[in-house]
Amino acid sequence: MVKIEKERKFKTEYIPVYISSIILVLFFALLILTINYEGKPVSDSGKTSTNAQNEELAITKTDSKCSQEQLSELLNLANGVSGDYELSSRDIPLELTPENAEYYKDHNGVQKYRFIEITLKGLKEGIYAQISNNFNNDVKIIKVTDLNEEGTYKYEAPNMERKITYTVDIFAEKYDCNGELIRKVSFETKVYNSFNQRTGCIMYPNYENCATFLDEEITPEDFMTGLDKYKETHKEQEKQAQANLISAFEGNIKVNAEDINGTKIDKKTGVMNKFVKKVSDNKDLIAIACVTIGLGVLVVVLIMFIRRHRL
């Protein structure tokens, strides 16, 4: 007796189930990635903007060679000019020597150079600016042709360890009053705080002497004395301070105060706590998505069941 094997055919009615299952798996994978996502911290090579306050300075009015209408046009242009500053940095390549071999390796062969960057913005055709300061005799004359692609002019400040006042004189560059002073403003840079890179500022970033810029230079003794007083009056921040320190050294994990147990933390436990918290925060979204996909799968199964019983 010959045994006839039935030919196995791929049942097309299962296609919707397969597709629904794949979509469900992809959805949960995307959901896990989304709720477990941590935004990258601001890079140390980034810039710290200040939004410097520009102070209007009175100028002596003289008989202008321009008409009132022309002066109004030039003044409108000049009113859009302002100065600002920010902390910036760039990497300087190092030459490898026996003395700096360890530093060279730890810092990928570069040294970070920080500086205050002055920015002039808002300059338009028809006017030009002159910037001077009270630190040295440097005077820069800036025209529209000197601006970068962003429409600004940037240069390195002569000093970052003391306050410097910058004066911006804005002159007409067209009409009969070409060269006449139209407007004068000034702005001041604060002192860069080198202590804001210390461990104490990583742990207690809200301590007043951890700001990027200060009104005046402080000594190491002033910094430490103030930090001790801040710790004493903000004991409730102790666990978060430990978490901040761990986060700084664990570049791939964000640690919160609730993850801290004494002075030690288990990395896997910290990750799990963070994940569970995010799942809890997004439970409504997860519930809606699960119900929606579940109903979709149920409908497909019912349709398949009905079709099979009609055959």
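Remark: the range 179-238 carries 56 Å² of accessible area per residue (probe radius 1.4 Å; ligands, DNA and RNA excluded). Can you work out the PRE-style zone for LEU181? Point 7 Å along Cα to Cβ, and I want the residues of the range 127-157 with backbone N under 20 Å. Output list for this probe position: 127-143.
Sorting the segments 203-213, 139-149 by their mean number of nearby beta carbons within 10 angstrom, highest to lowest, gives 203-213, 139-149. Estimated at the nearest 10 Å², the accessible area of SER89 is 20 Å² with a 1.4 Å probe.
Quarter the surface of the alpha carbon convex hull of the range 111-203 and you get the mean projected area, 8.0 square nanometres. With N as its number of residues, the range 107-165 has a Cα radius of gyration that, divided by 2.2 N^0.38 Å, comes to 1.38. Measuring against 26 Å, Cα to Cα, the residue pairs LYS112/LYS239; LYS154/LYS184; LYS124/LYS163; LYS190/LYS229; LYS105/LYS231 contain LYS112/LYS239; LYS124/LYS163; LYS105/LYS231 as the ones spanning a longer distance.
The values are calculated or read from the model by the stated rules, or taken from the named source; none is laboratory data. The structure presented is a predicted model; accordingly, all values stated were derived computationally and were not measured. Here the Cβ is made from the backbone with ideal geometry for all residues, glycine too, and neighbour counts use every protein chain on show. Heavy atoms of the whole protein, side chains included, go into the accessibility calculation; ligands, DNA and RNA do not. Shrake-Rupley method; radii C 1.70, N 1.55, O 1.52, S 1.80 Å.
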